[in-house]
């Protein structure tokens, strides 16, 4: 049909308006597609889920969060809002772009009453971790509490940019493999010449919190993988 002449957002998804096509026609085509029907169904579930109550969870150090299992649309909205409260120097590390609503429908999605979130995939991968920032530490969820909750709900591995290394090792995750930053896959918000091209480190959960918080130590002690998929496969074999 040609190239997109514009875009609009529906159900949290960016829809292209193709050359020679009206917005109404683009919306109708999207809603009639298999993906559009799936997202609409998930959005309805999310609306019904908003009335579900939060459960209080207290971590090993006595810190408490109010948390509940969510549905994809509500989770994605929470993730986007939480990311927007983080400074741009950190926010680019938050992955709110690589998972679709259909992807999230297979995962365990958790949001807190204060607006933070975390998800766990069927194979135990912890994704979409983000704490909402308020500027008042006493009114924010503690990241380690959220991660402990994710582990208790099946989380056993993750990957992240090296800027988050100190946090994850203090949560009991051990670095297993890594690969270099690839600019062609740079996440939205990453600014060349301003933000560092951070390597991606892959972790497995061991509960050991005595690992060095200096990511350079991990890179020195672990053999570099040629690409993301290779590093992921090495980590997954260790987890199994």
Within segment 164-180, count every residue that is within 18 Å of residue 98 (Cβ to Cβ) and either touching a strand residue (DSSP E or B) at 6+ places or on another chain (Cβ under 7 Å) or in the same structural domain as residue 98 (by TED's automatic domain parsing) (or both).
-> 1
Which one is surrounded by the most Cβ atoms within 10 Å (Cβ to Cβ) among residues in segment 210-220 that are more than 16 Å from residue 172 (Cα to Cα) and either under 24 Å from the mean Cα position of the chain (by Cα) or in contact (Cβ under 8 Å) with a residue 24 or more places away in the chain (or both)?
-> 219
Scanning for something out of contact with any strand residue (DSSP E or B) (no Cβ under 9 Å at 6 or more places or on another chain), outside the structural domain of residue 61 (by TED's automatic domain parsing) and at positive phi, does segment 197-206 turn up at least one residue?
-> no
Taking segment 83-106 only, how many residues are farther than 30 Å from residue 135 by Cβ and surrounded by fewer than 18 Cβ atoms within 10 Å (Cβ to Cβ)?
-> 5
Residue in segment 23-43 that is assigned to a strand (DSSP E or B), more than 15 Å from the chain's Cα centre (by Cα) and either closer than 30 Å to residue 183 by Cβ or modelled with pLDDT of 95 or more (or both) present | no
Within segment 195-211, work out how many residues are in a loop (DSSP other than H, G, I, E, B) and touching a helix residue (DSSP H, G or I) at 6+ places or on another chain (Cβ under 7 Å).
-> 5
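The values are calculated or read from the model by the stated rules, or taken from the named source; none is laboratory data. What you see is a predicted model; the values in this text were computed from it and never measured. Using ideal geometry, Cβ is built from the backbone for each residue, glycine included, and neighbour counts are taken over all protein chains shown.
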